[in-house]
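The values are calculated or read from the model by the stated rules, or taken from the named source; none is laboratory data. Predicted model only: the values in this text are computed from it and were never measured. Every residue, glycine among them, receives a Cβ derived from its backbone with ideal geometry; neighbour counts consider all protein chains shown. All accessible areas refer to the heavy atoms of the entire protein, side chains included, with ligands and DNA or RNA removed. Shrake-Rupley method; radii C 1.70, N 1.55, O 1.52, S 1.80 Å.
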Amino acid sequence: MTAHATTTRSTATRPTATHSMADALPAALTMPRRGFAHWARRPGQFAVGLAFPVMMLVMFAYFLGGGMAVEGGGDYTEFLVPGMLALTMAFGLEATMIELTQDINRGVLDRFRSMPIARSAILVGRSLLDMLGSVVSLLVMLGAGWAIGWRWHGTAAEAAAAIGLLLLLRFAMLWAGILLALVARRPESVQAVQILVWPVAFLSNAFTSPDTMPDWMGAVAEWNPMSATAGAIRELFGNPGWGGDSWAVEHSVALAVAWPLVLLAVLVPLAVRRYARLSD
Amino acid sequence: MEAAILVEDLRKTFGRGKAAKPALDGLDLTVRRGTVHGVLGPNGAGKTTAVRILTPLPRPGGGRAEGGGPDGAARPDEVRRRIALLGQHAALDEELSGRQNLELFGRLRRLGGAGAARRAGELLERFGLADTGHKPVRAYSGGMRRRLDLAAGLVTEPEILFLDEPTTGLDPRGRTEVWNAVRSLTGAGTTVLLTTQYLEEADQLADRISVLDGGRRIAEGTADELKSAVGGDRVDVVVRDAAQLDAAASVVGMAAHASRATTDPDRRLVSAPVTDRMAALAETVRALDAAGIDAEDIALRRPTLDEAYLHLTGRTTGPAESPAPAKTAEGESAA
């Protein structure tokens, strides 16, 4: 009675059951390939995604920048660009969430899940693709910043460290996006997140000094992971920052490393677990 | 009998506490290798849940579900190598072309770049999509999507193919396209588990049919067996004058030796089950003539699967209010 499929067309040449990382990698690498095909199919959409933070940068630099004064008389553009870079990385969460909820909604994720590929492969592939997209976005923003007069004054090693910190923040936000998508599932839910990221983004030192905010808000803004990254890269790029003598301000580089790592330590296991139980 | 799929006393409840709703309430199901097995039931009967546990997406809440190998829950990857799942919605990447979709799934199934490309070409050809393979899926018709979805399931020839309501939402032409595509698979020895709400679909494609209701199997057999369970052949009479419908019903019921004849006022139709076909037909004609009832049409016919279904579940659609009494149409018994 309990006869089972025994002809093994596909298993004959392959190890069964568990997957090693080497096993997961080809599947994971297929995801960026899929993403490139998307970009090629929809170049306009990709371009708008790149242009949006540039537009924000220009708006803040030219429309509002005139009314902003940096402590110690620094140039606002020099101050603003690192903040916008951190903001761009944080907002990347939305793009990740949009893509993943669409895959869930269309059943594509279920199809991936019903295939014999490592559980982590699809999510790792997703994060690889989004990181590549972020590198492109970061380069565009650095170019735009350069064009409006921002410069870095530190060493090349410091600049590289700053870019590393930005990508680390993006990586943490990406997994936040993955987790949110797996929890929310519906593409419509992205809208709520899109609205909620704004207060979180502004409750930071990206545009202005937390010292100018009401006390409790200023404290939240100082400890915002995005502020840590923005503060740290201002230091590394040699751009003007806000003064202030709180611990968070004094140790922004350490915080910019620690915050994303802590977030990742929490978010990645939760996301992988959620993925495994998506349909229970 | 060699079983490709074996399900015993399968249970699954979604939600907790008061909101808990049993989707599967002790389901039994056996599918022989190389056959097409239809799982028929209204919305909420548990069809999709059963397929998802077999594929295996969620873990069962209790019982046994084996498709493609023992203990699917413990070794899901082993099962995933041997099966392909087609869900209710074509699970395709809308932005990519048909060919790119097939290549993507081929790569994920580790055919390699060249292997995936070759296989994509073969499948596009086989499912009549060679000319449209370069277009984005977004531009495909419903039938084309479904065919591509089917092709995506066959990137590596699966031993068992799960089709979950493959023609839901398709127009008649799309449905015919998909049916033809499914028929073309069965010659190759693939085992197919097909869930559907459409009786005609099960009738057309399935070797055997299990009828599900309230998370349990309430009947199983071939389409013919299920139809016979309703009471064999029927005589249909269409009367010319709707006012004579009730009179006709009692005459036909008597003539056919049936306890009661059913009526359909919209179609001016009287229908009754018969045992001796020709005798009942002759008797019906005579009795109608004697009663002075003018008939427009008189015909003998086999019952439709719709009638079998209605007879078994007491309804055509909608979830179960209370578990229907278990009935098993003759055929191979379940245990």
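Averaged over the residues of A:27-34, the number of partner chain Cβ atoms lying within 10 Å of the residue Cβ comes to 4. Taking the C-alpha atoms only, the angle from helix B:142-153 to the longest principal axis of chain B is near 50 degrees. Note on the range B:149-301: Rg/Rh from C-alpha atoms, Kirkwood Rh, equals 1.14.
Applying 0.36 nm per residue to the separation of residue A:25 and residue A:265 and subtracting their alpha-carbon distance, the gain on full extension is 84.3 nm. Could you pull out the pairs from B:12/B:227; B:47/B:227; B:135/B:227 whose alpha carbons sit more than 32 Å apart here? Pairs exceeding 32 Å: B:135/B:227. So how much slack lies between residue A:36 and residue A:202, counting 0.36 nm per residue of separation and subtracting their Cα-Cα distance, in nm? My answer for the length gained is 56.6 nm. Between residue A:148 and residue A:135, the distance separating the two model label sites (each 7 Å from Cα on the Cα→Cβ line) works out to 2.6 nm.
Put simply, when A:57-64, B:235-242 are sorted by average Cβ atoms within 10 angstrom per residue, most first, you get B:235-242, A:57-64.
For the range B:164-217, the solvent-accessible area with a 1.4 angstrom probe is 36 square angstrom per residue.
Peptide A:109-122 shows a mean partner chain C-beta count of 6 within 10 Å per residue C-beta. The share of accessible area on the protein assembly as shown that comes from carbon and sulfur is 57 percent, using a 1.4 angstrom probe.
Taking the Cα centroid of the range A:127-163 and of the range B:1-52, what is the distance between the two, rounded to the nearest whole Å? So the two Cα centres are separated by 54 Å. Scattering from the C-alpha atoms of the range B:144-213 alone, worked out with Debye: what is log10 I(q)/I(0) at q = 0.15, 0.17, 0.18, 0.21 1/Å? Treating every Cα as an identical point scatterer, log10 I(q)/I(0) equals -0.45, -0.59, -0.66, -0.92. Dividing the C-alpha radius of gyration of the range A:67-132 by 2.2 N^0.38 Å, with N its residue count, gives 1.77.
Over all directions, the projected convex hull of the C-alpha atoms in the protein assembly as shown averages 35.5 nm² in area. Comparing the full protein assembly with the isolated chain, the residues of the range B:1-35 losing at least 20 square angstrom of accessible surface (1.4 Å probe) are B:1, B:2, B:3, B:6, B:14, B:33. Cα convex hull, the range B:39-182: 113 Å³ per residue, rounded to a whole number. With a Förster radius of 25 Å applied to the beta-carbon distance between residue A:212 and residue A:192, the computed FRET efficiency rounds to 0.30. Long hydrophobic helices in chain A, taken as whole DSSP H segments with a C-alpha length of 27 Å or more on their own axis and mean Kyte-Doolittle hydropathy at least 0.5: A:76-105, A:119-147, A:156-184, A:252-276. Once you reduce the range B:143-163 and the range B:288-305 to the center of their Cα atoms, the two points are 45 Å from each other. On a 0 to 90 degree scale, rounded to 10, what angle separates helix B:277-290 from the longest Cα axis of chain B? That helix lies at roughly 40 degrees to the long axis. Counting Cβ atoms of other protein chains within 10 Å of each Cβ in B:151-158 and taking the mean gives 2.
Gyration tensor analysis over the Cα atoms of chain B returns equivalent ellipsoid semi-axes of 43, 25, 17 Å (largest first, whole Å). If the segment from residue A:251 to residue A:155 were pulled out straight at 0.36 nm per residue, it would be longer than the present Cα-Cα gap by 32.6 nm.
Based on the Cβ-Cβ distance from residue B:301 to residue B:64, what FRET efficiency comes out when R0 is 41 Å, to the nearest 0.05? According to the calculation, E is roughly 0.50. Accessible surface buried at the B:A interface totals approximately 4400 Å², computed with a 1.4 Å probe on protein heavy atoms.
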